[in-house]
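Working notes, beginning with the structure itself.
FYI, it's all coordinate maths here, none of it is from the lab. Computed from a predicted model, the values in this text were never measured in an experiment. Ideal geometry is used to build each Cβ from the backbone, glycine not excepted, and the neighbour counts take in all protein chains shown.
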Amino acid sequence: MISSQIEERPKDALIQKYAEAADMNYPRRRQMEDAHTEKDPLYKYIGKVLIAFSILLLVPIIVSLVYSENILNFIVPLCVSLGLGILFNCSNSSKKTLYAKDGFIIVSISWILISLLGALPFWLGLDISFVDALFESVSGFTTTGATIFDDVESLSNSILFWRSFSHFIGG
């Protein structure tokens with residue numbers, strides 16, 4: 001009985017049935033293939049964040065000039081941030097849509113890069129290790145308020161402004 005049922009169904013009908021099933025999934029399969037071939041705009045958005053950060057670094061440079069203090073503490077991070085921002089912004093992306101996953105990645109990488117770049121003025125302007133400077137930077141951008149300094153008021157005006165400004169940027 002079973003063998004007769006199999007013989008009754010022509011092989012062409014089975015092939016046709018599977019071909020129709022494959023065609024129904026074709027748009028979804030095509031969409032998945034396109035998603036893997038499109039370039040992500042993540043670098044562009046991270047580049048825009050870094051360019052905006054470099055523009056914000058102009059404010060402590062002005063404060064340094066007003067108080068006649070060393071502006072190299074802020075010029076170096078500005079140049080690095082602007083250079084990376086332009087480099088990332090020049091990436092060629094064809095993908096126009098962003099998903100929540102992309103947003104999380106952009107925010108996470110931006111926080112890490114800004115914290116690293118924000119530590120440079122502390123590291124260059126003070127006699128502290130980079131880890132301490134990074135702690136101070138992350139503390140500022142997350143508006144935690146924790147500090148490694150015993151006497152914050154003894155810092156130079158531009159570094160003190162940068163510390164306060166990082167709190168303003170973060171929160």
Next item on the list: Quick one: what are the phi-derived ³J(HN,Hα) couplings along the range 159-171, Karplus 6.51/-1.76/1.60 with θ = phi - 60°, whole Hz, x for glycine and proline?
Entry: 5, 5, 5, 4, 4, 5, 5, 5, 5, 5, 5, x, x
Item checked: In the range 99-171, the chymotrypsin sites (Phe, Trp or Tyr not before Pro) that fall in loop regions by DSSP, at most 15 other Cβ within 10 Å -> Y99
Check: Which trypsin sites (Lys or Arg not before Pro) does the range 68-171 hold that lie in a coil by DSSP with at most 13 other beta carbons within 10 Å?
Finding: K96
Check: Which ³J(HN,Hα) values, rounded to whole Hz and listed in residue order, are derived for the range 74-90 from phi using the Karplus coefficients 6.51, -1.76 and 1.60 in 6.51 cos²θ - 1.76 cosθ + 1.60 with θ = phi - 60°, glycine and proline given as x?
Finding: 10, 5, 4, x, 4, 5, 5, 5, 5, x, 5, x, 5, 4, 5, 5, 7
Check: Quick one: if you stick a label point 7 Å off each Cα along the C-beta vector at C79 and I128, how many nm between them?
Finding: 2.4 nm
Next item on the list: Mind grabbing the base-10 log of I(q)/I(0) for the range 60-164 at q = 0.13, 0.14, 0.21, 0.23 Å⁻¹? Debye formula, identical points on the C-alpha positions, no solvent, two decimal places.
Entry: -0.55, -0.63, -1.12, -1.27
